[in-house]
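Below: the structure, in structure tokens.
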Amino acid sequence: MSNLPKKNDNNPLVNHDNFAKEISDKKNDAQVILKRKVTLLQRIFPTVEQKETIKHSAAILEQESKSDLEKRRMHNEFFNQALQATFDKYLTEGAESIQKGLTSNFAANKAALDKEIVSLTKDYFAQMELDEEEIFKMKSENMRNRQLKMLNDRIDEFERTIQNLMQKYEDATNKSVGKKD
């Protein structure tokens with residue numbers, strides 16, 4: 001037994017452990033390469049089970065995608081409805097506020113307008129009475145009747161004008177504050 005060579009760990013040419021390790025590494029590398037080639041071949045030529053798995057996975061992905069799109073659509077629709085409701089609320093409140101302001105403004109203006117019309121009417125009728133007194137001072141009955149008729153026509157025309165103006169003011173007021181006839 002002394003004829004057997006001694007184990008020399010320092011010499012890589014005769015180190016058996018080093019050879020075993022290298023062989024093991026080469027086998028592992030070959031198995032990795034083989035697995036890669038098999039995986040590539042399986043991708044190129046999948047089995048029936050793999051095809052079904054791929055179809056199923058694709059169907060699941062498509063369903064999840066559709067579900068995500070539907071969720072987004074529903075979220076956007078909800079957001080749009082909430083935004084529309086908010087806008088409607090502010091528009092309604094704004095319109096009501098404006099309408100209240102217009103109504104009070106027109107009411108105040110109508111009161112002032114009524115006072116002005118009453119004052120103008122009194123002045124007008126006072127002037128008509130003076131004109132009537134002048135007419136009665138006329139000596140000619142025919143002229144007096146004609147002048148009285150003209151005076152009555154002017155008074156009637158004045159009253160119609162006042163009524164028309166008030167009606168137009170009321171129509172404008174009703175239209176501006178949103179009242180409907």
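Restricting region 132-177 to residues that are surrounded by 14 or more Cβ atoms within 10 Å (Cβ to Cβ), of a type in the set (Val, Ile, Thr) and in a helix (DSSP H, G or I) leaves a set whose member that is farthest from the chain's Cα centre (by Cα) is ILE135. Is region 96-119 home to any residue that is closer than 30 Å to GLN163 by Cβ and among the acidic types (Asp, Glu)? Within region 96-119, one or more residues are closer than 30 Å to GLN163 by Cβ and among the acidic types (Asp, Glu).
Within region 114-131, being among the acidic types (Asp, Glu) and either closer than 12 Å to ARG154 by Cα or within 60 Å of the chain's Cα centre (by Cα) (or both) holds for ASP114, GLU116, ASP123, ASP131. Exactly one condition in (1) surrounded by 10 or more Cβ atoms within 10 Å (Cβ to Cβ); (2) at pLDDT below 85; (3) of a type in the set (Asp, Glu) is false for ASP17; which is it? It is condition (1) that ASP17 fails.
Per the listing LYS71, LYS110, LYS89, the residue uniquely within 56 Å of the chain's Cα centre (by Cα), in a helix (DSSP H, G or I), charged (D, E, K, R) and surrounded by 12 or more Cβ atoms within 10 Å (Cβ to Cβ) is LYS110. You will find that of ILE60, ILE98, the residue that is part of a helix (DSSP H, G or I), at pLDDT below 85 and surrounded by 10 or more Cβ atoms within 10 Å (Cβ to Cβ) is ILE98 and no other.
The values are calculated or read from the model by the stated rules, or taken from the named source; none is laboratory data. Just so you know, these numbers come straight off a predicted model, no measurement behind them. Ideal geometry is used to build each Cβ from the backbone, glycine not excepted, and the neighbour counts take in all protein chains shown.
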